[in-house]
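Colleague: Right, I'll just put the structure down here and ask away after.
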Amino acid sequence: MDATKFNEKALSNYPVAFYFSAVKSFEERIGAAECALDRFREMRDEYDRLFKAFDEAYKRTQKSELTAKIASLDKERDGYAYVIQKVAEAWAAKIEDESLAVHGVRVSQVFRDYGFRTSEALVAENAKIHNMEQKLAERDLVSDLQMMGLTELNRRLLNRTEQIEQLMGKRNEEKSDVVVGELKAAREKLDGHYRAFVTYLNAVQELQPEESLSKAAQYYNADLAKIDLQYQQSRKKGGKEDEPATTTPANVEDEG
């Protein structure tokens, strides 16, 4: 039986996103393989443990649990901003008494002056709201908001913006050098075991070939070839070091 060996290409030079795609592919392919050797099972269990540690560290650098809280607060404050703007515009457009309509005219003009849109990036939206609040703090505009019953909504608008900024600061702290250092350490441990595991698997394939390992090797080698192609293409395009690889084991078609 012709045995297929695992590609022994070193993964250490890959940026972290491409590296993650490669080691995840290996984890899934080898996880589906069958081999009766005790040493194989021991090395696979250890790889699984080290991969999970790396996966957790990687995810901590990519997404914080604070992100969901920030998104929730942003949705809430967008609702407040929308109501304030639309109520002011309605007062300006629908009330014929100019002494009343002027309240809506002045407040809605603030939104137009700053080109406020709830679809903007968080940092840009934060900045615009702070600039608008300086204007809305003027005596006439404070009276306008009170007249239209929007004082409480405007207070909440500013409050949610301040909360968002605080959480954004905490989220940035989570991505500090400490977290990056943990990722580096987890990657080094995983990479060392990965290289030893591939060397062992290829020795098994040399001495007593396993059909299941040959199949896993074929699939993994195909995955790795596509990941490497993406990496080379990203380098030619001047891609960022942490630009994520889009090829994952889930979208690599199995052959055979």
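Colleague: For region 77-129, list log₁₀ I(q)/I(0) at each q in 0.13, 0.16, 0.31 Å⁻¹, using the Debye formula over Cα point scatterers of equal strength and ignoring solvent, two decimals each.
Modeller: Values returned for q = 0.13, 0.16, 0.31 Å⁻¹ are -0.33, -0.47, -1.16.
Colleague: Here is a follow-up. If contacts are Cα pairs under 8 angstrom and at least 6 residues apart, what is the relative contact order of the chain in percent?
Modeller: Rounded, it is 42 percent for the chain.
Colleague: Using the scaling law 2.2 N^0.38 Å as the reference, what is the normalised Cα Rg of region 160-232?
Modeller: After normalising by residue count via 2.2 N^0.38 Å, the value is 1.84.
Colleague: Among 183, 167, 229, which one shows the highest mean-square fluctuation when the chain is modelled as a Gaussian network with alpha-carbon springs under 10 Å?
Modeller: Looking only at 183, 167, 229, the largest GNM fluctuation is found for 229.
Colleague: Okay, moving on. Positive end of the charge dipole of the chain (Lys, Arg +1 and Asp, Glu -1 on Cβ, about the Cα centre): tell me which of 57, 30, 201 has its Cα farthest that way.
Modeller: The listed residue farthest towards the positive side: 57.
Colleague: Hey, another quick one. Would you work out if region 22-90 is rounded, prolate or oblate? Take a ≥ b ≥ c from the square roots of the eigenvalues of the alpha-carbon gyration tensor; rounded if a/c is under 1.5, else prolate when a/b is larger than b/c, oblate otherwise.
Modeller: Judged from the Cα gyration tensor, region 22-90 comes out prolate (a/c at least 1.5, a/b above b/c).
Colleague: Can you give the helix-only mean residue ellipticity at 222 nm for the chain, where every DSSP H stretch with n ≥ 4 adds -39500 (n - 2.57) and the sum goes over all residues, rounded to the nearest 500 deg cm²/dmol?
Modeller: -26000 deg cm²/dmol
Colleague: Tell me, Kirkwood radius of the chain from alpha-carbon pair distances, in Å?
Modeller: Result for the chain stands at 22.6 Å.
Colleague: Size of the dipole of the chain about the Cα centre, Lys and Arg at +1 and Asp and Glu at -1 on the beta carbon, nothing else charged, in debye to 20?
Modeller: It comes to approximately 500 debye.
Colleague: For region 66-174, just the Cα set please: Rg and Dmax, both in angstrom.
Modeller: That works out to 14.7, 54 Å for Rg and Dmax.
Coordinate-derived values only; no laboratory data. The structure displayed is predicted, hence computed values, not measured ones. Virtual Cβ from ideal backbone geometry, glycine too; neighbours counted across all protein chains shown.
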